[in-house]
Amino acid sequence: MNFFKKLSTLFSSPPSRQDADSYWLTVQCHRCGEVIRARVNLLNDLSLEFGEGEKTTYFCRKVLMGAGQCFQRVEVELTFDGNRKLLSRNITGGKWVET
Ligand SMILES: [Zn+2]
């Protein structure tokens, strides 16, 4: 049964690499107070926005729901600059939790 043991260790090994392509956000639901963490993939989840002149920004909208019975949806809108640094953020249905 060594084979299966090896296999399960392989899949359960925790991710050790620091993910530079991710932006993690933590919000708290207004209704039930559940804290929800979500990951934004800075390479795949952003849509390019062309602003005035040369200015390029990225935009991302996410709808988050807790794992519980609560049906409240927390909507977040994120704007990043051309270097994928956060410029501004909006939230409805919840509040930001600083980590
Ligand atoms: Zn909730």
So what's the net charge close to residue 57: Lys and Arg +1, Asp and Glu -1, counting the other residues with Cβ under 9 Å from its Cβ? -1
List the residues, sorted by chain then number, that are 5 or more residues from residue 82 or on another chain and whose placed amide H is less than 5 Å from its amide H. 56
Accessible carbon and sulfur surface of the range 19-96 relative to its total accessible area, %, 1.4 Å: 45
Considering only protein heavy atoms, what per residue accessible area in square angstrom results for the range 19-96 with a 1.4 angstrom probe? 65
The FRET efficiency for residue 54 and residue 22, from their Cβ-Cβ distance with R0 = 22 Å and rounded to 0.05, is 0.20
Just want the answer: with Cβ charges of +1 for Lys and Arg and -1 for Asp and Glu, which residue in 23, 47, 67 is farthest toward the dipole's positive end in the range 19-96? 67
Inter-label distance for residue 77 and residue 95, nm, one decimal - labels placed 7 Å from Cα along Cα-to-Cβ: 2.1
Net charge near residue 87, counting Lys/Arg +1 and Asp/Glu -1 over other residues with Cβ under 13 Å of its Cβ? +1
Area projected by the alpha carbon convex hull of the range 19-96, averaged over all directions, nm²: 5.3
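The values are calculated or read from the model by the stated rules, or taken from the named source; none is laboratory data. This one's a predicted model, so the numbers in the text were calculated from it and none came from an experiment. All Cβ positions, even for glycine, are placed from backbone atoms using ideal geometry, and neighbour counts span all protein chains on display. We work out accessible area using only protein heavy atoms, side chains counted, and drop any ligands, DNA or RNA first. Shrake-Rupley method; radii C 1.70, N 1.55, O 1.52, S 1.80 Å.
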